[in-house]
Amino acid sequence: MIVAATFVTDFLALTTINLVYHEFNLYTLAFVAIVVFMMLGLPKMMDYLLKIYGRRAVEMEMRFIFAILLAVSFLADLAKLQAVYGAFILGLVFANTISSYADIVPKRRSVTFSLLFFIKAGLLVSLPAVIQSLSLILSLLGIKLLTKFLGLYYLNKRWIPGAPLFATLLLSTGLTVGTITVQLGRDLGVLDLNQFSVVLITIILGAIIPAAMAKSSWVRADLENISAAGKEIKNI
C-alpha cells in the first residue's frame with residue numbers, strides 16, 4: 001500500500017509536469033492511441049509469449065519488454081513528453097502480468113532505471129561544480145531530509161503506528177520525480193549546468209540516505225512490526 005501510494009503521487013506529478021510544460025502535436029495523439037492499444041493487447045501478448053517460450057535461455061519475455069519499453073519511450077519523447085512517462089504507463093499495463101513472474105522483476109528494474117534517465121542525468125553532472133558547492137549541497141540535503149521527515153512522520157505515526165519510522169524513510173526518497181524535474185529545469189533553461197549538478201546530487205543523496213537508514217539495525221525493531229501495521233491499515 002505504501003509503495004502504491006508513492007507510485008500514484010509520482011505518476012500524478014509526472015502528469016502535471018507534462019501538462020504544464022508541453023506542446024501538443026500529432027505524436028501526442030499517436031502516443032495516446034498506442035497507450036490504449038497497449039492496455040488492451042500487451043498483457044495478452046506477454047502471456048502468450050511466456051506460454052510458448054517459458055523460461056528458456058533466450059529470455060524472450062525480457063526482449064519483448066525492453067523492445068516495447070524503448071519504443072514507447074521513444075514515442076513519448078517525440079510527443080514532447082518525458083521518456084520515463086512512457087515507462088510509468090508501461091508499468092501500469094504490465095503490472096498484473098509481471099507480478100505473476102517474480103524472476104522478471106529484478107532483471108528489468110535496474111536496466112529500466114539506468115536506460116531511461118539515471119545515465120542521462122549522470123552524464124550531465126559537472127564534478128567541479130559539485131566539489132565547489134559541497135557546503136550548499138549539504139545544506140540543501142539537510143533541509144530536504146528534515147522537512148520530509150517532519151511532514152511525514154506524524155501522519156505515518158497516526159495511520160501506520162506499527163512502523164512509522166520505516167514508512168517515513170520509505171516515503172522520503174523522491175528520486176524518480178526529482179531526477180526528472182531537475183532535467184526538465186535544465187532543458188527549459190531554468191537551471192544552468194552548475195545549478196543542475198548541485199540539485200541533482202542533492203536529490204540522489206536525499207534518496208540514498210533514507211534507504212540506507214531503512215536498512216540499518218536501529219530500524220529493524222520498526223520493521224518487525226510492519227506485518228501488524230499492515231493489518232491495521234487493512235482494518236482502517
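The values are calculated or read from the model by the stated rules, or taken from the named source; none is laboratory data. On a predicted model such as this, the values are computed, not experimentally measured, just so you know. Cβ: placed from backbone, ideal geometry, glycine included. Neighbour counts: every protein chain shown.
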*When you go through (1) modelled with pLDDT under 70; (2) surrounded by fewer than 17 Cβ atoms within 10 Å (Cβ to Cβ) one by one for residue 104, which number turns out not to apply?*
(2)
*Would you please list the contacts, defined by Cβ atoms under 6 Å and residues six or more apart or on different chains, that run from a residue in segment 1-27 that is modelled with pLDDT of 75 or more to a residue that is surrounded by 12 or more Cβ atoms within 10 Å (Cβ to Cβ)?*
10/176; 10/177; 11/88; 13/177; 14/85; 27/78; 27/79
_I'm trying to understand the selection: among the residues of segment 141-195, which are farther than 24 Å from residue 12 by Cα, outside any helix (DSSP H, G or I) and in contact (Cβ under 8 Å) with a residue 60 or more places away in the chain?_
161, 162, 163
